[in-house]
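Have a look at the structure below before the remarks.
The values are calculated or read from the model by the stated rules, or taken from the named source; none is laboratory data. No experiment lies behind these values; they were computed from the predicted model shown. No Cβ is skipped: glycine too gets one built from the backbone with ideal geometry, and neighbour counts run over all protein chains shown.
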Amino acid sequence: MSAKPILNNRTFVAICLFLLTLTFILIEYFKGGVITHHLLAREDLPGISNWWGLLTIPLLGLISAYFIDKRRNKLIKSEAININYFDSKILRNFLFALLFGSIASLLWEFGQADILQYYILLPVFIALLKPVHFTEYLLGFVIGMLYTFGGILPILVGTVLLIICFIVNKLINLIKGLFTKS
């Protein structure tokens, strides 16, 4: 099954993500109340309610689908890649990030913050070898962390990681280009 037909229907993506987020929020609500996460996990700093995820997660899905579609259309025009390969690559990237985010959440849930502080840097090291700064990575990461951290903090952390990965990958490519020019 190709990822293209699903991602082309941005409304469908937004609705599915809204329903997924709503499910997690309802679980929280009926287990004692919707969680508010405080910045840096400090009660004296501002808190962000998981209710915001009902807005931010579908919006992230729309943004991700837009940029994926834009990359796909660019490749179609240049005929640079097989579209089915591109779509399966998008799905693999998303699933990899979903797994990564889920493991990060599990590390937090099981009190392994000391491991998590190093684990969360794994994408930066991967960025030394390949680009991991696309929106499907961010979306997968955020959804993987949605149940544990809500719909705002994973977007903030993921966006910072995405920017760092982008910079690292571009710098590595620049350095490679300097040494391979003849």
Would you point out the residue of the stretch 111-128, among those that are free of Cβ contacts under 8 Å to residues at least 12 places away in the same chain and either within 15 Å of the chain's Cα centre (by Cα) or outside any loop (DSSP other than H, G, I, E, B) (or both), that is surrounded by the most Cβ atoms within 10 Å (Cβ to Cβ)?
Ile115
Contact list please: Cβ distance under 6 Å, first residue in the stretch 40-52 and exposed (fewer than 15 other Cβ atoms within 10 Å of the Cβ), second residue among the basic types (Lys, Arg) and in a loop (DSSP other than H, G, I, E, B), pairs at least six apart or on different chains.
none
Flag for Phe67 being of a type in the set (Phe, Trp, Tyr), in contact with a Ser or Thr (Cβ under 7 Å, 6 or more places away or on another chain) and within 23 Å of Pro123 (Cβ to Cβ):
yes
Looking only at the stretch 148-171, how many residues end up being part of a helix (DSSP H, G or I), over 12 Å from the mean Cα position of the chain (by Cα) and surrounded by 14 or more Cβ atoms within 10 Å (Cβ to Cβ)?
7
Which ones in the stretch 55-97 are at pLDDT below 85 and either more than 24 Å from Thr11 (Cβ to Cβ) or not in a helix (DSSP H, G or I) (or both)?
Lys77, Ser78, Glu79, Ala80, Ile81, Asn82, Tyr85
I'd like to verify a number: residues in the stretch 172-182 that are of a type in the set (Lys, Arg) and outside any helix (DSSP H, G or I), how many?
1
Any chance Leu19 is out of contact with any Phe, Trp or Tyr (no Cβ under 8 Å at 6 or more places or on another chain), on the phi > 0 side of the Ramachandran plot and part of a helix (DSSP H, G or I)
no
Using the structure shown, decide if Ala3 is modelled with pLDDT under 90, surrounded by 14 or more Cβ atoms within 10 Å (Cβ to Cβ) and among the hydrophobic types (A, V, I, L, M, F, W, C).
yes
Does the stretch 84-98 include one or more residues that are closer than 25 Å to Val34 by Cα, touching a strand residue (DSSP E or B) at 6+ places or on another chain (Cβ under 7 Å) and of a type outside the set (Val, Ile, Thr)?
no
Can you find, within the stretch 129-147, the residue that is nearest to Ser105 (Cα to Cα) among those that are assigned to a helix (DSSP H, G or I) and among the hydrophobic types (A, V, I, L, M, F, W, C)?
Met145
Quick check on Glu136: is it loosely packed, with under 15 Cβ neighbours inside 10 Å, acidic (Asp, Glu) and over 30 Å from Phe30 (Cβ atoms)?
no
Any residue at all in the stretch 81-103 that's of a type in the set (S, T, N, Q), surrounded by fewer than 13 Cβ atoms within 10 Å (Cβ to Cβ) and within 23 Å of Ile163 (Cα to Cα)?
no
